[in-house]
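I have placed the structure first, in the form of structure tokens, so that the comments after it can refer back to it.
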Amino acid sequence: MPAPLHPKRPLSLLLSCGFAVVMTLVASVVAPRTARVDHDRASTLFVPPWHRAFPRAFEAYLRDHLGFRRQWISLSSAIDYFAFRTAPPNTVLVGKQGFLFLNQDFMPEALENRPFSKAQLTERVGFFEEIQRALDEFGGKLLVVIAPNKASIFPQHLPDGYRPSSWTRLDHLYEALAEVGIATLDLRPTLRSSKELVYDRLDTHWNGRGTALATAEIDAAISRMTGWASRFDASKVRFQDEKSAGDLARLMELERWLTERSVRAFWTDSPAKILGNDPYAGIAKGARLRGLVVQYEHPEIPEDGLVMIHHDSFGFPETLQSLLPHVLARSRWTLETHRVELLQIRKLRPRVLVYLSAERYLFSPPPVLLKPRFPWNPGHSIPLK
């Protein structure tokens, strides 16, 4: 469902492209270094046209040698957004009142209310059942938490003609998991009922206020499952405003043009600390590494047991990781939801495993379980396929 074109947009883009071509050729000679989008990437050498990989090599050559390439991309996006209230195809959907939405959240399956096929649902439920069976060996519990798409929380800010389905794949999955006795946590009612803005306008993730609500709900769910005391205290959460471009603005190369006041959440005066070195230190924002592990310990909370969290970007240090470790005695955070290793579960024996993923991944290939290839070589793992 493409957004309608402004009648003057084709002429504007044609003139912009003509100007860009002339200036790019000049810049390629005068200032060739301005072609680089990523200055850390090695330059690609030009490959003769008779080489079988010529198209790919020529594209790489243009990426490295056309002057002001990133600036032209940013300018084109700026014209699209500020003049015509639209965005480059297949990237971002421009909503009402300054809201941006990830276009991936509006795939045909989502718009046409396509549920999982029987085979797809069986495979996804089987993934969680296998994890629960591993946890059952020592009395552990599994909690599945799917962070909802922003459009599910703010449908009123979608452009005309776009509406999320009333019954989604997330509902389909939660119902199927309930039938086999696996605990789930639906955060949509809590996030929708908030009078505050819980997702940033220019970002796909919940902000500090959304993080606080999610933390309180997850803490309460863990408490119900284990009998531990619920330790979330809203009075200890401090909110701080900061200037932010948001990942959707960055996706359109508009981080210098489009910013907003975001809200970050911090826990006040907590003795919880990271065990060992902080693996996030020195990593550039947005350059998170899959499989990265960080462990927290709270010395003032009685030893209840380990909580393992397999998470995606909704569990980054600037989101859920800013609060949840401060209400748990011990927690181990693994930045990986597409693959889960059963060996680690059996080795660490967590009391609770929280699987935190995003709703949009329900339209991606299903996650994969890893298990030892041979009993005598537990370090070598293969997908459970």
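The values are calculated or read from the model by the stated rules, or taken from the named source; none is laboratory data. Quantities reported herein were computed from a predicted structural model and do not represent experimental measurements. A quick note on method: Cβ atoms are made from the backbone with ideal geometry, for glycine too, and the neighbour counts reach across all protein chains shown. SASA here: full protein model, heavy atoms, side chains in, ligands and nucleic acids out. Shrake-Rupley method; radii C 1.70, N 1.55, O 1.52, S 1.80 Å.
Quick look at the values:
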{"quantity": "Shape of the range 124-282, Cα gyration tensor, a/c cut at 1.5", "calculated": "oblate"}
{"quantity": "Geometric extent, Cα atoms of the range 136-188 - Rg, Dmax (angstrom)", "calculated": "14.7, 51"}
{"quantity": "Length gained when the stretch Glu179-Lys96 is fully extended (0.36 nm per residue, less Cα-Cα span)", "calculated": "26.0 nm"}
{"quantity": "Radius ratio Rg over Rh of the range 233-333, counting only Cα atoms, Kirkwood formula for Rh", "calculated": "1.01"}
{"quantity": "The range 226-371: antiparallel DSSP beta bridges as a percent of all, rounded to 5", "calculated": "55"}
{"quantity": "Solvent-accessible ranking of Trp167, Trp72, largest area first, probe 1.4 Å", "calculated": "Trp167, Trp72"}
{"quantity": "Cα→Cβ-extended label distance, 7 Å offset, between Thr259 and Met225, nm", "calculated": "4.0"}
{"quantity": "For Ile309, distant residues with modelled amide H under 5 Å away", "calculated": "Arg332, Trp333, Thr334, Val354"}
{"quantity": "Efficiency of FRET between Glu137 and Phe239 - r from beta-carbon atoms, R0 51 angstrom, step 0.05", "calculated": "0.80"}
{"quantity": "Placed amide H near Leu142: partners under 5 Å, 5+ positions off or other chain", "calculated": "Ala183, Leu353"}
{"quantity": "Heavy atoms of Glu129 accessible to a 1.4 Å probe, total area in Å² rounded to 10", "calculated": "60"}
{"quantity": "Separation in nanometres of the label points that stand 7 Å from Cα toward Cβ, at Ser117 and Ile79", "calculated": "4.3"}
{"quantity": "Estimated FRET transfer efficiency when R0 is 22 angstrom, pair Phe363-Asp160 (beta carbons, to 0.05)", "calculated": "0.40"}
{"quantity": "Vicinal HN-Hα couplings computed from phi for the range 115-126 (Karplus, 6.51 cos²θ - 1.76 cosθ + 1.60; Hz; Gly/Pro x)", "calculated": "x, 5, 6, 4, 5, 5, 5, 4, 5, 5, 5, x"}
{"quantity": "Amide H contacts of Leu370 (H built 1.01 Å from N, under 5 Å, at least 5 apart or other chain)", "calculated": "Val340, Glu341, Leu342, Leu384"}
{"quantity": "Debye log10 I(q)/I(0) at q = 0.12, 0.15, 0.19 Å⁻¹ for the range 79-206, Cα point scatterers", "calculated": "-0.57, -0.81, -1.10"}
{"quantity": "Phi-based couplings in Hz for the range 171-181 (Karplus 6.51, -1.76, 1.60; Gly and Pro marked x)", "calculated": "4, 4, 5, 4, 5, 5, 5, 5, 5, 9, x"}
{"quantity": "Relative packing of 186-194, 147-155, which averages over residues the other C-beta atoms within 10 Å, highest first", "calculated": "147-155, 186-194"}
